[in-house]
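**Q** Structure below; questions to follow.
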Amino acid sequence: MQKFRRNQRIGALMKIFAERPNHVFSYNYFSELFNAAKSTISEDIVIIKELVKKFEYGNIETISGAAGGVVFVPYLSLKETEEILTRLCSIFSQKDRIIPGGYMYMTDIFNNPYIVTNIAKVIVSNFRNKKIDYVVTVETKGIPIAIMTAQKLDIPFVVIRRNNKVTEGATLSINYVSGSSEKIQTMSLSRKALKEGSKVLIVDDFMKGGGTAKGITDLMEEFRVKVEGIAVVVSTKNPMNKLIENYLPLLILEDINEQKQTIRIKPNSRLLKI
């Protein structure tokens with residue numbers, strides 16, 4: 001079986017870790033993959049650990065025990081977070097995004113894999129110390145963000161439907177009041193989607209009054225799962241009193257002026273530790 005030099009192994013290891021962060025790989029897996037002793041792999045891991053720490057890519061952590069191994073836990077530096085959020089503000093504030101009624105067009109942003117990947121990086125970086133079993137979102141624009149966030153956390157994602165589908169089997173539905181329109185709406189989820197006692201991260205694209213997030217939280221209570229956090233890409237500044245309290249917005253939308261054709265949006269200062 002082919003032997004690999006150290007520089008070859010390290011290059012391959014970096015690729016493996018980057019493609020599947022937060023996944024625990026056993027030393028046996030790497031030992032068989034590279035036809036190398038565990039002690040050799042351990043030395044390789046030490047080198048990679050120093051590299052990712054130096055470049056502030058995250059941490060390489062080792063887990064002891066029978067189910068142990070090594071895992072890459074990514075995080076963003078303050079500088080990277082600021083750069084990503086600043087670029088997002090620039091994209092969101094383009095005046096041609098204003099549509100009649102004083103709304104902001106965002107679909108193309110959430111359909112852009114590069115942008116969504118960066119959004120997921122910020123979310124994961126802020127919830128990396130939480131033990132999360134599922135990423136939960138509601139259809140439709142939040143789905144790409146939830147997928148990428150789940151991929152980087154190496155966990156499944158779950159989509160709450162606004163209408164029942166026969167392919168979902170038995171579902172649990174609740175009515176909730178939209179915080180923005182104050183209309184009663186319905187959301188449903190298959191009873192097979194979540195395991196009782198699990199922990200979830202709610203991810204959504206936009207929040208105004210917080211009604212949808214409150215509805216999701218109430219639905220999670222029906223499934224007897226714990227909400228470990230709520231991440232929102234854009235939250236409006238007003239109303240200041242949302243229907244929920246513990247949520248983390250990436251960007252704050254201060255104002256959309258249809259007459260002046262301006263959008264004022266800024267990064268959440270909590271993420272920049274200002």
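**Q** Within the range 238-252, can one find any residue that is at pLDDT below 95, surrounded by fewer than 20 Cβ atoms within 10 Å (Cβ to Cβ) and within 21 Å of Ile99 (Cβ to Cβ)?
**A** Yes; the residues of the range 238-252 include at least one that is at pLDDT below 95, surrounded by fewer than 20 Cβ atoms within 10 Å (Cβ to Cβ) and within 21 Å of Ile99 (Cβ to Cβ).
**Q** Suppose we keep only residues that are basic (Lys, Arg) and under 26 Å from Gly101 (Cα atoms) within the range 162-185. Which one would you say is surrounded by the most Cβ atoms within 10 Å (Cβ to Cβ)?
**A** Selected residue: Arg162.
**Q** Go through (1) more than 22 Å from Ile145 (Cα to Cα); (2) buried (at least 17 other Cβ atoms within 10 Å of the Cβ) and name the single condition Ser190 misses.
**A** All conditions pass for Ser190, except number (1).
**Q** If Thr107 satisfies every condition in (1) exposed (fewer than 13 other Cβ atoms within 10 Å of the Cβ); (2) closer than 27 Å to Ser26 by Cα but one, which is the exception?
**A** Answer for Thr107: the failing condition is (2).
**Q** Suppose we filter the range 230-274 for residues that are in a loop (DSSP other than H, G, I, E, B) and among the small types (Gly, Ala, Ser); how many remain?
**A** Residues that pass the stated criteria total 0.
**Q** Under the condition of being assigned to a loop (DSSP other than H, G, I, E, B) and touching a residue at least 60 places away in the same chain (Cβ under 8 Å), which residue from the range 102-127 is farthest from Asp218 (Cα to Cα)?
**A** Gly102
The values are calculated or read from the model by the stated rules, or taken from the named source; none is laboratory data. None of the values given here were measured: they were computed from a predicted structure. When we count neighbours, we look across all protein chains shown, and the Cβ atoms used for this are built from the backbone with ideal geometry, even at glycine.
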